[in-house]
Each structure stands twice: as structure tokens, then as C-alpha cells.
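The values are calculated or read from the model by the stated rules, or taken from the named source; none is laboratory data. Being a predicted model, the structure only gives us computed values, none of them experimental. Glycine also receives a Cβ, built like all others from the backbone with ideal geometry; neighbour counts cover every protein chain displayed. For the accessible areas, the whole protein counts, side chains as well, though only heavy atoms, and no ligand, DNA or RNA atoms are used. Shrake-Rupley method; radii C 1.70, N 1.55, O 1.52, S 1.80 Å.
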Amino acid sequence: MPIALALTVASGFAALSYQIVWTQQAALWLGHDTAAVLAVVAAFFAGLAVGALALGRRIERSARPLRWYVVCEAMIGLWSIAIALLMDPLANALLTLTGAQPHPAWQWGVAFFGTFALLLPATAAMGATLPAMQRALSASAPTQHLLPALYAANTAGAVVGVLAAAFWLVPALGLVRTALLCAALNLACAAAAWAALPRQAAQRVAHGGAALRTRLPWVLALTGLLGIGYEVMVVRVLSQVAENTVYTFAMLLAAYLVGTAAGAAAYRHWVARYRDHDALRDALLWQLAATCLVGTASLWGAAHVKAWALQWLGVGFASALAAEALLAAIAFLPPTVLMGALFSHLATQALRRDVGFGTALGINTLGAALAPALFGIALVATIGPKASLFVVVAGYLLLCKQPLRSPMPWAVAAAAVALAIVTPPLRFVDVPEGGRLVSYHEGAMAAVSVVEDALGVAVLRINNRQQEGSSGTRLADARQALLPMLLHEAPQRALFLGLGTGVTASAAAEDPSLRVQVAELLPEVVAASEHFRRDEQSPRLHIVAADARRFVRTTTSRYDLIVADNFHPARSGSGALYTVEHFRAVRERLAVGGVFCQWLPLHQLDLPTLASIVRSFLAVYPDGKAMLATLSLDTPVLGLVAQPGTIGFTLDQVRTRLAQVRVEDGPAAYGFVDELSVLGSFVAGPRALAAFAADAPLNTDDRPVVTHRAPRITYAPDSLPRDRLLALLRTLQADPAEVLDNTVSEPRSATRLSAYWHARDRFLEAGRDVQPSADVRQMLRQVGEPLLGVLRISPEFRPAYDPLVQMASALAATDANAARALLRQLVDAQPDRPEAAKALQGLGG
């Protein structure tokens, strides 16, 4: 028995590790759309159900069930090795079938049936291992003890597998090697079972067909459906409170499995208290309904619980994970303990009626396979998370066979009705004091809101956590379109990956010579972006709701300009947009002379993670460069830029482009007043970037470094964005020779550009500790001399010149002499600019 339990633990460990690996791999093939993600989960469950149902009956009739166990474990290992070896052609086949812009029904079909068929030999064998082990040991232990013990051991192994895969195996080994390690574990389980377990013949079990015509199969199927439905909806709601990283979902799944294992292990204590098996089943059902109701009620306070936990635990990566684990435990542990006990009871009853454990497990898992589509897509879109969770509570109560025996089911039902009436919708939107909620869109994958503060500044948020831009960042967002546009001599077709508020793509579409296409994953973001448009959508702007990775790999179009949004690297799925494979796919979509710009949110990135992204970018674009979108210290955005096949830029070329680009108010309104203001945005060429990222690991589809490293700074920021920006600038040494085309550039171009860069870095350093003040004298004491020093380095650096002119004008109202003195210094520093001289003349200077 101890050896059998150890093998069952190992088998469960491998099974859930596979689920983690295969789900991540399938998302790379099929996209992170809700239809694709949930279809893969459903396909995994469906494969388990097919194996338990189809092979379970053969195992029940077999006199040698140990052989079945050995063969199933070996099949899992061997087929997993085959999947690892055939990964690329299989992925390409599924991508080809899916297409760039699939209809949701077609995408669901390809995702479900494609992954179902691909994984079936392994998942079917997984579904049969537990029934085979139960049959092999059936003569050595009582059913009511053996079955719950095996189920608990298997689920406990699954807990360890989930946590090990997310926190250790995948980050250290990568997806393929993790799968191969699990395959070796399966093969070891097969060998150990054959060598160590007794091979005596087992008594054949006659299949109880009459029992299948009772309520038992329906109860098994519906409890599987409701259990996974509860999990799907709780995860959906907590995504608005938790950080939505790879670790978040590992903690949630682990908590669910811990409770299930504990419930199975404790089942014998429930059995000892009840002689009537139907009474025990009804008691477990109404108690499960009650705990699901309590778990649902706890979700309204989830944000407060997390805040309290962080306040008590302090700041740190472990503390943040502990806070999310607490949320998971409150919502999942009480219900899942009862779920584990209930399944153990139903499976034990099935064995006593000669139904067979494999059949019972298969029916239950088949119900679970239906839950992702029913709850995750259909119900959440039609009735919302709150009503969907009350459907779970009602479902468990309706399964009670004799509810009149006890008043408790009726009490739970009354409490559920009362809670449904008095509670608000299960949504979390932080509205600042004096602000308002402008719009809220509940989608299958995320909740998208637009919130205005008291000053009328609107912010777009995904799941109340991830800020996707605001009306206050319009200038910065537009610059992220204009900078790449100004680096191409005459772009005609542009592709933007990610929409956000839509300001970036809309700014590009203002140019009548440019046709713009946008791929945005969330339809709700597309709807919310309408609030941020100044005018009606340009006919040259075409938005498609599609996964960016899949769209790039499946479209046949080529683009002069591809601009990728600054995706939050820690959020689930975003790390896949920074891999070598994705950058390579983007390169294949560039037209001759095309420009690719990948924006990176440095305010959401630590420097080691940034180094991995940079090295991955350079692996595809060895001549890549880096530039800053703005001079913001609080929200710095770094751009990685590549133009394969070109040498560099000239000041004349950029000057010509500034005259050609036609956007509302002109490029000068966005800070692009001359050619230096464009090329002055560069901070590094390929040599400097290569030196910065030399020791960083590549971020690849197989080894998702960013996915596992980026969340750490999200959970526990260890520095301010401005500190990381300044540290990066001190590390990078820009060389004009790597940016300019020296074959045709003016002789003084390199000197002017180098001075501009030096001035920019000094400007940012000077702003590091500035405290904003409405008192112009106080501001001048902080920035006056530093900004004049910047102008002495490069008189052409307008971001230092313009603020001083404005402060001189404000100072003139109270101290004309001080204003004149400042203006004279500006005239001396930049005699070619008229603003200071004109203001000085107005003051009689």
C-alpha cells in the first residue's frame, strides 16, 4: 500500500505538470483568446473522461489490472515524448487551421478538437491510471478506505506538480524539458509498479448496467460540472483583485486541489457518522452548497482581505504570494474539502453497485469538461459572475434527493436568495474620490472599465489592475506612433499590436497616406476605447479582435510599420509577446525597409527582465536600437527599434519626414520640433544593447523567462521607475555612429546628436529629486541652474529651454528684474531661438 500511494502521488504530480505545460504551449499555438484557453482545458478533461470510460470498463473486467496500470503509465510517458519532438509541425498545423481572424465557433472547434486529438493517447491513459491502481489493490484493502486514499494521494501529487511546475521546473528547465522529466517519471512509475507491486489475479467485476439508469450518473456528472464551474467563476472574479500572473493561477489551482485532497483523505470520518448513504450524500450536497455560498460571499471582501494581509505581512514577493494564497484558501478550501469527500462517496457508491470506479470517474470528469464552455463563456457573458456562482449553489441544492428530511437545505436556499437580492454585482472598480465610473464591460476573459477622476482624466483598466493608458497620457501615447513613423521614409501600411485607449493607432491613422490595422485581444477594450477618441474613427483605421501572436503568424500581409504596445510583462500571456519566436514572426511580416518598434513599460520592468527581452530582440534584429518615448521619470517607456537592411538615419532624412507627416496639429504639437528631437530619443545602438544584455537568458517560447521573472517587481517593487531609468541610461552608452548613416550625414551631425543625448541624460538626472511646486521661485531654486547647465551642453535641447521661458514669464509678475536676468541667460545659451529674446523685449530688457 505505501508503494502504491507513492506511485499515485508521482502520477498525479506528472499529470498536473503536464496540464501546466500543455496549456501554456497550446496558448502559444492557438492564442490567448478565451475560446482557445478554455477549449484546451476542456479538451484535457475530455481526454481524461474518455480514458476513464473507455478503458475503465476493460480494466474492471480484467484479471490483470496491474498490467493496465503499467501500460497506461508507459503510454503517458512515450506519447509525451512524441509531443515534445513533434511540437513545431503540430503547432503550425493548428495555426493554419485556425487562421488570422477565426470565427469564435471555428476557433473553439479547432482548439478543442485539435488539442483533444493531439493529447488523447496521453490524457486517456491518465484517466485510466487511477482506476487501474484501485483494481490492482482492491483485494488488499476495503473499498471505503482504498478509493479515497488513492484519490487523495493522486490529488496531493497534483498540488505539488502545480507548484513545482510554476515555481521551479518551467523557469529552470523550460516547457519541453519539464514535459520530458514528467515523461521519465511516468516511465519510472511503470517500471516500479511492475517490479514492486504484487501481480496476483484480481477478481473480474461484472458491469452494473442497471445502476447507470439511476440518479447516480447524473449526480456524478453534475457535481463534476458544478465543481469546475465554481473554480472557473472564482478565478474569474479574483482576477480583479489578484495580480493575474503565472503564480496567481498556480496558487488558485493549488488551493483548489489541496482542499479536494483533504476532503478525500477525511472521507472516512464522514462515513463513520452516517449509516444511511443517501443521507450522507444529501448532507454533503447541502453543506457543499453552503460553503460555496460562503465562498461567494467572501469574494465581496477579497480586496479588503488582500490589503489587510499585505499590511500585516509587509512588502515582499513571498508576502504578496501569501496574500493571494489567503484569498484562494478562503474561497476554495471549505467547498473543495466537501467536493473531495463527495466524489469519494459517490465513487464508493458506484463500486458497491458494480458500476466501476473508472466509469464513475469518467462520468464525473465528463461533466467537468463541459464547465469551461458553459460557465467560462456562456454564463459569464449572459448573466455575469454573481448569478453564475448562485447557479452553482442552486445546482448542489437541487441534487439533494430528500431535502425535506432536514431544514438545512431550505435554510441555505433562503440565505442564497437573500444574498442574491441584497448584494451588488461581483465587480471591482476603484473610483477615486469625486470621480465616476464611465463604462464597464464584462467579458469572458476580463472586465474592462473606464474611470474618470475629479479632474475629468479618464483611465482605461483591465480587471481593475492593469492600466492601459488614460486621457492624460494622450501626448505620450501619440508619440509612440509618431516616432516609428518618422523613422520610415514613406510608410503606407501599418500594423499595431494592442489597442489600449486607441490613441496610438488613431494618431497614426490621422496621416492620410497611412492605412492602419490593429490586432486587439479583448473585444471589451475595443468598445472602451471609443471613449478616448477625439473624433469619429478614421476610415483608414481597421481594428480586429484577435490574439496578436496568432495574427502575426497567420496573416499573409506585409507592413511598412509594425508597432507593438507596451504590454504589461507580468500579466498572464504577455510574456509570450517578448519571445525570440514572436520577434522572428514579426520580421517575416515586415516589408522591405520596414520598421518594427517594440515598446516596453520600464515602469513595470526590472532591469534583469529587460535584459532578457533585449537579448531576445537582438537575436532576431542584431542591428536593433533603443529609444525613449518621452522624458517621463514616473512612467518611462523604452522602445526597441529595428529596420532590417538599413544602415542608419540622417538629419536631412528625418527633417524631410517631419515635413511630410500630416497629423492633427502637426508633429511639433507632440514635441517633434526638429530632427534632433526625433533622433535625440535614441539611447543605445546595437553594441551598447548587446553589452547590457550579454549575460541575460533568452526569452523563448520553450523557456518563458519573462513570464516567470517579471511578476517579482509587480508583487514587490524594489526601486522607483525613475531610478531604473537613470541606472539604465548610465549603463547604456549611445554612439552616433550606430544611429546615423555616416556615408551621407553632415560632418557636424554626430557632434550635435552626441551633445543632445548628453543634455537629455543630464536633464533627467536633474529632475530625479525635484519636488513640484506652484511657487515659481521655489521651482527655479531647484531647476534653474541645472537646466541652464543642460543648455550649455546642447543649446538645441528644447525640453530645458521651454520650461525656463515659461517660468521667466510667470516670475515677471512679481519680480521683473529676476525674470530679465533669467531671460538674458537663456538668450546667451540659445541665441537662435526667439522666445526668450521676445519675452525680454516685452519686459524692456
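What the Cβ-Cβ distance of A527 and A172 gives, at R0 = 41 Å and to the nearest 0.05, is a FRET efficiency of 0.50.
Of the whole protein surface, D606 contributes about 20 Å² of accessible area at a 1.4 Å probe radius.
Modelled this way, with points 7 Å down the Cα-to-C-beta line, the labels at A694 and Q311 are 4.9 nm from one another. For L843, the shell of other residues with beta-carbons less than 12 Å away shows a net charge of +2, using +1 for Lys and Arg and -1 for Asp and Glu.
Close amide-amide hydrogen proximity is noted between E243 and no other residue 5 or more places distant or on a separate chain, at a cut-off under 5 Å (H modeled in the peptide plane; Pro and chain starts excluded).
Expressed per residue, the C-alpha convex hull volume of the stretch 423-488 stands at 102 Å³.
Along the Cα-to-C-beta direction of R748, a point sits 7 Å from the Cα; which residues of the stretch 663-707 have their amide N less than 16 Å from that point? Answer for this model: 675-677. A Stokes-Einstein calculation at 10 °C with viscosity 1.306 mPa s, built on the Kirkwood radius of the chain over Cα pairs, returns a diffusion coefficient of 54 µm²/s.
The distance from the alpha carbon centre of the stretch 580-617 to that of the stretch 213-288 is 43 Å, rounded to a whole number. Once the Cα atoms are used to define both axes, helix 34-61 deviates from the longest principal axis of the chain by about 20 degrees.
Treating the Cα atoms of the stretch 307-466 as identical point scatterers in vacuum, please give the log10 of the normalised Debye intensity I(q)/I(0) at q = 0.08, 0.17 Å⁻¹, two decimals. Taken in order of the listed q values, log10 I(q)/I(0) reads -0.39, -1.29.
For R465, neighbours were defined as the other residues whose beta-carbon sits under 14 Å from its Cβ, and their charges (Lys and Arg +1, Asp and Glu -1) total +1. The residue list G645, L288, A165 was ranked by how far each Cα lies along the charge dipole of the chain toward its positive end, using unit charges on Cβ atoms, and L288 comes out on top. Put E231, E765, E530, E536 in order of accessible area, highest first, and with a 1.4 Å probe you get E536, E530, E765, E231. With all pairs of separate Cα atoms included, the stretch 245-318 yields a Kirkwood hydrodynamic radius of 15.2 Å. In summary, the lysines within cross-link reach of K306, defined as a Cα separation below 29 angstrom excluding same-chain residues under 8 places away, comprise K386. A Förster radius of 35 Å combined with the Cβ-Cβ distance from E489 to D718 puts the calculated FRET efficiency at roughly 0.25. Take every DSSP beta bridge whose two residues both sit in the chain; close to 55 percent of them are antiparallel.
Straight Cα distances below 28 angstrom link K625 to none of the lysines, with same-chain residues fewer than 8 positions distant left out.
Each listed q (0.18, 0.26, 0.27 Å⁻¹) maps to a log10 I(q)/I(0) for the stretch 467-506 from the Debye sum over equal C-alpha point scatterers, namely -0.50, -0.90, -0.95. As a ratio to 2.2 N^0.38 Å, the alpha-carbon radius of gyration computed for the stretch 750-845 takes the value 1.05.
Computed over the stretch 645-772, the quotient of the alpha carbon radius of gyration and 2.2 N^0.38 Å is 1.30. The residues packed around V706, meaning those with a beta-carbon under 12 Å from its beta-carbon, carry a net charge of +3 if Lys and Arg are +1 and Asp and Glu are -1.
Amide H contacts of A684 (H built 1.01 Å from N, in plane; Pro and chain starts excluded): A626 sit under 5 Å, all sequence-distant by 5 or more or on other chains.
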